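Shown next, in C-alpha cells, is the structure this report addresses.
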Amino acid sequence: METIFRLFYPRLTRYAQHYLADPDAAQDIVQELFVYLWERRGNIRCVSLSALLLVSVRNRCLNYIEHQNYIGRYLDHMPHSEVEHLYATNLSISANSANSADPTSVDGSVLQQLLNTVLNNLPDRQQEAYRYVRLNDCTLQSAAEEMNISISAVAKLVNKASEKVKAYIQKHYPTDF
C-alpha cells in the first residue's frame, strides 16, 4: 500500500486541485481516501486501480464542494449576529484550548480583532455603514440620515460589507459543522 501511495499521491493531489482552490483540502481528501482504502484493503476489488483512485478523488472533491456550498447557504440564512457568535466561539476554542480549562468560553477580544482586521480593509463608506447597522444596532434609516445617503444605498453598502466579512471569516477561520 505504501508503494501505491507514493506512486499515486502526487498525481491524485494535483487532480484534486483541479476541482478545489484549496491545496490543503486537496491533500486532505487524497490522504483520507488512502486511509479509507487501507481500512478496507481486504474488501476492495477493482479492474483498474488508477480508475478507482481517480473516480474516488473526483467524487470526494464534489462532495467537499457540495458541503462547502451547503455551509455557505446555511450561513446566508442565519442572522448576522449568530454567524459572528458561531465564528467567535470557534475562534476562541482554537485560540484558548491549550490555555483554558473551559474551551467553550467565548473570547470577545478575538472576535473584535478579527472584525477590525476585516473592517479596516473595507472601503470607507462600506465600513461606516457596516459599523452603524451591524455593530451599533442603528436602523437603516438612522444610518442613512447620519451618512446623508438613501436607505437603499445604506442597505447595499451593509450587504456588500457583510459578504466581504463572511468571505474573510470563511477563508481564514473555517468551521466544521
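Throughout, read-outs are computed from the coordinates displayed, never taken from laboratory work. Predicted, not measured: the structure shown is a model, and the values here were computed from it. Every residue, glycine among them, receives a Cβ derived from its backbone with ideal geometry; neighbour counts consider all protein chains shown.
Provide, in order from the shortest bin, the percent of all Cα-Cα pairs of segment 1-61 in each 10 Å bin, continuing until the bin that contains the maximum pair distance.
23, 59, 17, 1
Taking the Cα atoms of segment 110-169, what is the range of coordinates along each of the three principal axes, in descending order and whole Å?
In descending order, the Cα extents are 31, 17, 15 Å.
Rounded to the nearest 0.05, what FRET efficiency do GLN141 and GLU66 give with R0 = 41 Å and r taken as the Cβ-Cβ distance? Could you check?
0.55
Below 8 Å between Cα atoms, with a sequence gap of 6+, how large is the relative contact order for segment 1-75 in percent?
Working: 37 pairs, mean separation 26.8, N = 75.
For segment 1-75, the relative contact order is 36 percent.
For ASN121 and LYS156 in the same chain, what is the full-extension length gain: residue separation times 0.36 nm, less their Cα-Cα distance, in nm?
Value of the extension gain: 10.9 nm.
What FRET efficiency would be calculated for the residue pair ASN43, ALA21, taking the C-beta separation as r and a Förster radius of 35 Å, to the nearest 0.05?
Using R0 = 35 Å, I get an efficiency of 0.55.
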